[in-house]
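The block underneath contains the structure these notes are about, expressed in structure tokens.
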Amino acid sequence: MTAETSNHSHFAVAIDGPAASGKSTLARELARRLGLVMVNSGAMYRAVTWKVLRENVDPHDTPAVVGLLDRIDISCGRDGMFSTIAIDGADPGDELRGEDVNQHVSAVSAIPEVRERLIDLQRHYLDHSSIVMEGRDIGSVVFPDTPFKIYVDACAEVRAARRAKDGEVDSVARRDKLDSARKTAPLVVAQGATVLDNSHHTIESGVQAAIDILRNQGLRIE
Ligand code: DC
């Protein structure tokens, strides 16, 4: 299966939604089926948070976080169909999903300077290939002009059960509340996005629903 736009230029499929809505799995499968690069923007916010904690900077001390941001090298690339991230040459690996990072990533990602720097890096992915990018503000802020936008949602019970199954008992509800209430780029259903309720889909039926949405939004999928 391949996907293209009428003018054959690179394009972005924006997948937004709350934590544990199943958007990563959906984005990954979509990228695989459509032959696109999958970019995990949450990993970028997590990587900066990881660095903040590693350098013993207080995640709530905005000037200190911004000071650190000015000193670090953030390198975004790809390995096959997946995005990669390294900070000062180091790949945080599994620590990205650690409890410490879970606890503080909402505070760090609420800082406008952090967002500005990462959004610039996110947009550069389009220089090289067409992408599926998942996050919170992809359809609203990063690629507001893309016609291909899906907002993935799932009921609170299903999301809590999903995180518990993954061994992550961090408070998903708390993180969503912070991500939705922040001033800069809060989690919203972007203008033009179609909502996909992923509460009761299997992976296969969810991907099929997403492909139908993208076709309706004008993506040519063969
Ligand atoms: O997708 P995730 O759960 O790995 O994202 C981790 C955090 O990063 C999330 O709680 C909020 C932040 N984030 C963001 O602010 N904007 C994005 N585009 C992606 C993630």
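Within segment 127-145, can you find the residues that are touching a Ser or Thr at 6+ places or on another chain (Cβ under 9 Å) and either in a helix (DSSP H, G or I) or closer than 16 Å to R46 by Cβ (or both)?
Result: M133, E134, G135, R136, D137, I138, G139, V141, V142.
From the list V188, V158, which residue is outside any helix (DSSP H, G or I), surrounded by 13 or more Cβ atoms within 10 Å (Cβ to Cβ) and within 16 Å of the ligand (Cβ to nearest atom)?
Values: V158 fails: outside any helix (DSSP H, G or I).
Sole residue among the options that is outside any helix (DSSP H, G or I), surrounded by 13 or more Cβ atoms within 10 Å (Cβ to Cβ) and within 16 Å of the ligand (Cβ to nearest atom): V188.
For residues that are of a type in the set (K, R) and within 12 Å of the ligand (Cβ to nearest atom), scanning just segment 94-122, find the one that is nearest to P59 (Cα to Cα).
Going residue by residue through segment 94-122, those that are of a type in the set (K, R) are 97, 115, 117.
Then drop every residue that is not within 12 Å of the ligand (Cβ to nearest atom), which leaves 97, 115.
Working: R97: 17, R115: 14 Å.
So, considering only residues that are of a type in the set (K, R) and within 12 Å of the ligand (Cβ to nearest atom), the one nearest to P59 (Cα to Cα) is R115.
Filtering segment 3-34 down to residues that are hydroxyl-bearing (S, T, Y) and either in contact with a helix residue (DSSP H, G or I) (Cβ under 6 Å, 6 or more places away or on another chain) or in contact (Cβ under 8 Å) with a residue 40 or more places away in the chain (or both), which residue is surrounded by the most Cβ atoms within 10 Å (Cβ to Cβ)?
Ranking the candidates gives S21 first.
From the list D120, D94, D61, exactly one residue is surrounded by fewer than 16 Cβ atoms within 10 Å (Cβ to Cβ), at pLDDT 95 or above and more than 18 Å from L178 (Cα to Cα). Which is it? Can you show your working first?
Details: D94 fails: at pLDDT 95 or above; D61 fails: more than 18 Å from L178 (Cα to Cα).
Unique residue meeting the criteria: D120.
Do we have G139 as over 23 Å from D70 (Cβ atoms), buried (at least 18 other Cβ atoms within 10 Å of the Cβ) and out of contact with any helix residue (DSSP H, G or I) (no Cβ under 7 Å at 6 or more places or on another chain) here? Please lay out each step first, then the result.
Numbers: over 23 Å from D70 (Cβ atoms): yes; buried (at least 18 other Cβ atoms within 10 Å of the Cβ): yes; out of contact with any helix residue (DSSP H, G or I) (no Cβ under 7 Å at 6 or more places or on another chain): yes.
Taking the combined requirement at face value, the residue satisfies it.
Any chance segment 103-112 includes a residue that's out of contact with any Lys or Arg (no Cβ under 6 Å at 6 or more places or on another chain), outside any helix (DSSP H, G or I), at pLDDT 95 or above and farther than 24 Å from I150 by Cα?
First pass over segment 103-112, keeping only residues out of contact with any Lys or Arg (no Cβ under 6 Å at 6 or more places or on another chain): 103-104, 107-109, 111-112.
If we keep only those that are outside any helix (DSSP H, G or I) too, we end up with 111.
Next, only the ones that are at pLDDT 95 or above stay: 111.
Those left that are additionally farther than 24 Å from I150 by Cα: 111.
Yes: segment 103-112 contains one or more residues that are out of contact with any Lys or Arg (no Cβ under 6 Å at 6 or more places or on another chain), outside any helix (DSSP H, G or I), at pLDDT 95 or above and farther than 24 Å from I150 by Cα.
The values are calculated or read from the model by the stated rules, or taken from the named source; none is laboratory data. Values in this document were obtained by computation on a predicted structure and should not be read as measured data. Every residue, glycine as well, gets a Cβ built from its backbone with ideal geometry; the counts of neighbours run over all protein chains shown.
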